[in-house]
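Notes for the one structure printed next.
The values are calculated or read from the model by the stated rules, or taken from the named source; none is laboratory data. Being a predicted model, the structure only gives us computed values, none of them experimental. Cβ sites come from the backbone with ideal geometry, for glycine too, and all protein chains shown count toward neighbours. Side chains included, ligands, DNA and RNA excluded: accessible areas come from the protein's heavy atoms. Shrake-Rupley method; radii C 1.70, N 1.55, O 1.52, S 1.80 Å.
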Amino acid sequence: MEFPPKIEQEYQKELIDNVRGFCLGNGLVLLPPVMEGEDKVRSNTCIQAPVSLFPTPFPKKLFNQANSVGLTFNELYANIARDVEFIDEILSEISPFDKFQASLWNLWKEIRSEICQPNQLLLSRSDYLCNTSTDIQGNIRGISQVEFNTIASSFGGLSNKVNQLHQFLYNDIRYANLHPLLNNQLAENNTLNEIVDGFEHAHQVYKSGYLRSKHSPYILFVVQENERNVFDQRLLEFELSRRNIRIIRRTFAQLSQQAKLSEDNVLKVKGIEVSIVYYRAGYAPEDYKSERDWRVRRMIEVSLAIKCPTLALQLAGCKKVQQVLVDEHVLRKNLNPAQIRKINKCFVDILPFDQSEKGKIAHSIVADRERCKKYVLKPQREGGGNNIYKEDIVDFVNNLKDNELSSYILMELIEPPGNLHNYLVRYTDDKLVKADVVSELGIYGSVLFNNHTIIRNEHAGHLLRTKSRQSDEGGVALGISVIDECLLI
Ligand code: ADP
Ligand code: MG
Ligand code: MG
């Protein structure tokens, strides 16, 4: 069967209208981009979030494979976040050449003896692409990990809504006829609830063991100024509120005025006790406008509130750690052989720029335009838009100063399957345009742990982001990807 199906002109307009109506009516929305002449994001109007018209076909076997390694990756990163020596070793290699990572690491070193909340909360998202290339034994790779996010893993709220959008469209017999496969094959998606389950559990842990005031504590969402993806966050807030857990949203700037630590390290915002601090900011250098914002981060880190994530978890999520994990002996310290076999299958080669044999190979690749075509160069950054791809690597590296390359990693490009198309619907589109697409699957997990034990480690749903193949980089926030759902085939 042809996918996606041809759609007659007249029905196209109606379909776009239905997509837009569902999005705007159900909170599948973003704040509008900043236009010329405006200096900040307008908060009194919204636009439809970019979505796919049909759920994109995704092999069920690979979907299951990605899900089956979720809890193991969570355990791995929880173990790393508890391994002070390991993090120190990794960060000492990149810090001399990366000021931001150095600031995070230095802050952590300064305060780690003062930490009074033993529990750490991780809301992870492990991202994968289907990989058609073969390994050394000649087997098709299957699913390969792009990265593991430990901070501000977003789109859990909106992802859930896209699943509902596709179900809604399917209720129209004309759409259903175009797309008979959809019946029974749309992936189940309960992401929003499962993410909130993790917060609710940690909130109860705080209430039963640490609460100091007579009133119920709040969860604090630390947010960016000019954030456009606020409704993704609001959906979490609305679900928490339905469960009688209130949240407050604050930027670092606001917190510098309104947040205080009591003598017994209770974090209070305008007098309200905070149970959990959930960061949707703090992962990019621009999030810290001055020393004032670093002081806020410090205050939160030493407070009794449970942090999602802690500085240790944020550092554990840096790309350099991902590169080191490709080495099996590092895994052996943290996981059992059966676990290692499973997650090893998800790794493509990642090279460091150091004095090792692998480092020498990395240096020789970036000097060769032809060999570079199979690689992506990544700095220690989050949030999209930071990587350098293929031939661009050569000139980029030539312009770096001495040794600066040491804070980068060189990752083999994953080769997603070709000849896959879908219609992507953005708020500016008034007709359907078929795009050649690549989909990235993110698996969420929620883990609460301390130095002795993992208290709770659960799946928390998934996200499918689909981009046009011409673009190397993805990213819904960057306007490149759309939010999608898996049609399991
Ligand atoms: P960030 O933390 O900024 O999201 P990522 O490592 O996820 O950084 O890279 C951003 C995007 O670049 C990914 O969403 C993916 O589209 C693309 N990308 C990253 N690594 C690879 C890779 N090894 N192969 C193919 N595409 C990649
Ligand atoms: Mg990331
Ligand atoms: Mg990413």
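At-a-glance table
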item	result
Distance cut-off 15 Å, percentage of C-alpha pairs in region 294-369 lying past it	69
Among S43, P5, Y206 the positive-end extreme of the charge dipole of the chain (Cβ point charges)	Y206
Exposure ranking of M35, M299 by accessible area [1.4 Å probe, largest first]	M35, M299
Dipole moment magnitude, nearest 20 debye, region 15-90 about Cα centre, only Lys, Arg, Asp, Glu C-beta charged	580
Rounded, prolate or oblate (a/c below 1.5 giving rounded, otherwise prolate when a/b exceeds b/c) for region 211-282 by Cα gyration tensor	oblate
Virtual paramagnetic centre 7 Å along Cα→Cβ of D349, amide N under 11 Å, in region 399-413	411-413
Subset of K319/K345; K374/K467; K6/K60; K319/K434; K320/K374; K161/K333 violating a 28 Å alpha-carbon distance limit	K319/K434; K161/K333
Magnitude of the charge dipole, region 151-257, Cβ model with Lys/Arg +1 and Asp/Glu -1, debye to 20	480
Accessible-area composition of region 380-443, carbon plus sulfur, in percent [1.4 Å probe]	41
Cα gyration tensor category, rounded, prolate or oblate, for the chain with a/c compared to 1.5	oblate
Coil-residue trypsin sites (Lys or Arg not before Pro) of region 32-124, DSSP, other Cβ within 10 Å capped at 13	K40, R42
Residue-normalised accessible area of region 126-200, expressed per residue, 1.4 Å probe, Å²	39
Full-stretch length increase - D83, S208 - with 0.36 nm per residue and alpha-carbon distance subtracted	42.3 nm
Helix-derived mean residue ellipticity, 222 nm - over the chain, DSSP H n ≥ 4, -39500 (n - 2.57), to 500	-11000 deg cm²/dmol
³J(HN,Hα) computed for each position of region 61-77 - Karplus, 6.51 cos²θ - 1.76 cosθ + 1.60, integer Hz, glycine/proline x	4, 6, 4, 5, 4, 4, 5, 6, 9, x, 5, 5, 4, 4, 5, 4, 6
Cα-Cα separations in region 382-431 greater than 13 Å, expressed as whole percent	75
Within the chain: Cβ-based charge dipole about Cα centre, in debye rounded to nearest 20 (Lys, Arg +1; Asp, Glu -1)	1060
Carbon and sulfur %, accessible surface of region 15-144 computed with the full protein complex present, 1.4 Å	49
Virtual paramagnetic centre 7 Å along Cα→Cβ of Q185, amide N under 18 Å, in region 42-56	52-56
Out-of-range pairs (alpha-carbon distance over 28 Å; input K13/K390; K289/K360; K260/K289; K109/K268)	K13/K390; K289/K360
Probe 1.4 Å, protein heavy atoms only - accessible area per residue of region 276-352 in square angstrom	33
Rough spin-label spacing in nm, given labels placed 7 Å along Cα→Cβ, for A367 and A253	4.8
Of all DSSP beta bridges in the chain, antiparallel share, percent nearest 5	75
Range in the chain, longest, excluding exposed GluC sites (Glu not before Pro) [loop by DSSP; at most 15 other beta-carbon atoms within 10 Å]	39-187
Three-way shape label, region 1-97, alpha-carbon gyration tensor, a/c 1.5	oblate
